[in-house]
Amino acid sequence: MLGTPAWKRYNWRVIWLSLLYAAFLLPAVYGFKHALIPGGFRYVVAVLPALPIIGIFAALGRYLVEEQDEYVRMLMVRQILWASGVTLSFATVWGFLDNFGLVDHADGYWLIMIWYIGLGIGGMVNKLTLGASGC
Amino acid sequence: MENRLRILRAERNWSQQDLAERLEVSRQSVNAIETGKYDPSLPLAFRIAELFTMPIEEIFVSPSRRSSAAI
């Protein structure tokens, strides 16, 4: 773990966004479960928990801009490329399996989980090929 | 890229961490450059050259010159 100043700022942003995510999600789940949310407002409440997740992606982009250590930045870019490649590959394979009726439909937000797994795979690849796992 | 960074650092009794702090990069970066796993950007290469008060080409071996020397 390197803990560059930019990485620390990223971590703080993620912590705050995660708290915001919980603050949006828990009332939304409760509200939908007990049918407390009226009409069109349901769309707003349903989308609210997605916003902090989008914010985390933006925070990652901000981190890449703020990171002053070019080598560490390159390691993260490699991880992001692995994460994106793994996610797109998984979505493609699942899409074909789904089309031929071999698997069930999957919720779209699972792709975010796959993406973060891909980020971990990218870190392992960095460790294996460059001997460094980045932040 | 082949370079003399490790030798120059050793001549000054600097650890990788010492050099990293002087260059304002991580120790991992210094290690990656020393071992040739990572080629620094031109601005970082200039910072390294200015730190050692040497021209860049006396620290980093040009890949084209290296291949012509091998011939």
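Any read-out appearing in this document is the output of simple, stated calculations on the displayed coordinates, not a laboratory observation. Keep in mind that this is a model prediction, so the values were computed, not measured. Cβ sites come from the backbone with ideal geometry, for glycine too, and all protein chains shown count toward neighbours.
Restricting attention to the stretch B:8-32, which residues are touching a Gly at 6+ places or on another chain (Cβ under 9 Å) and under 20 Å from B:V61 (Cβ atoms)?
Residues satisfying the conditions are B:N31, B:A32.
Going by the conditions given, is A:V86 aliphatic (A, V, I, L, M) and within 26 Å of B:E34 (Cβ to Cβ)?
Details: aliphatic (A, V, I, L, M): yes; within 26 Å of B:E34 (Cβ to Cβ): no.
In short, no.
Is it fair to say A:I117 is in contact (Cβ under 8 Å) with a residue 40 or more places away in the chain, in a helix (DSSP H, G or I) and away from every other protein chain (no Cβ under 14 Å)? Please lay out each step first, then the result.
Details: in contact (Cβ under 8 Å) with a residue 40 or more places away in the chain: no; in a helix (DSSP H, G or I): yes; away from every other protein chain (no Cβ under 14 Å): yes.
So A:I117 fails the test.
Output yes when any residue across the stretch A:95-102 is away from chain B (no Cβ under 14 Å), surrounded by fewer than 13 Cβ atoms within 10 Å (Cβ to Cβ) and within 13 Å of the chain's Cα centre (by Cα), and no when none is.
So far as the stretch A:95-102 goes, no, none of its residues is away from chain B (no Cβ under 14 Å), surrounded by fewer than 13 Cβ atoms within 10 Å (Cβ to Cβ) and within 13 Å of the chain's Cα centre (by Cα).
Between A:V86, A:V77, A:V44, A:V65, which is within 16 Å of A:P5 (Cβ to Cβ) and part of a helix (DSSP H, G or I)?
A:V65
Hey, could you check the stretch A:42-72 for residues that are hydroxyl-bearing (S, T, Y) and buried (at least 16 other Cβ atoms within 10 Å of the Cβ) and say which is farthest from the other protein chains (Cβ to nearest Cβ)?
Narrowing the stretch A:42-72 to residues hydroxyl-bearing (S, T, Y): A:43, A:63, A:71.
Filter again for buried (at least 16 other Cβ atoms within 10 Å of the Cβ), leaving A:63, A:71.
On the way: A:Y63: 15, A:Y71: 4 Å.
Step by step, filter the stretch A:42-72, then rank; the result is A:Y63.
Mind checking which pairs have a first residue in the stretch B:13-36 that is over 10 Å from A:D69 (Cβ atoms) and a second that is among the β-branched types (V, I, T), Cβ under 6 Å, 6 or more apart or different chains?
Filtered contacts from the stretch B:13-36: B:Q16/B:V30; B:L19/B:V30.
Only one of (1) within 14 Å of chain B (Cβ to nearest Cβ); (2) part of a loop (DSSP other than H, G, I, E, B) fails for A:W7. Which number is that?
Condition (2) is where A:W7 drops out.
Can you pull out the helices (runs of 4 or more DSSP H) entirely within chain B that have at least 3 residues that are within 13 Å of chain A (Cβ to nearest Cβ) and surrounded by 19 or more Cβ atoms within 10 Å (Cβ to Cβ)? Show your work before the answer.
Working: elements: B:5-11, B:16-23, B:27-34, B:42-51, B:63-70.
Where helices (runs of 4 or more DSSP H) fall fully within chain B and carry at least 3 residues being within 13 Å of chain A (Cβ to nearest Cβ) and surrounded by 19 or more Cβ atoms within 10 Å (Cβ to Cβ), they are B:27-34.
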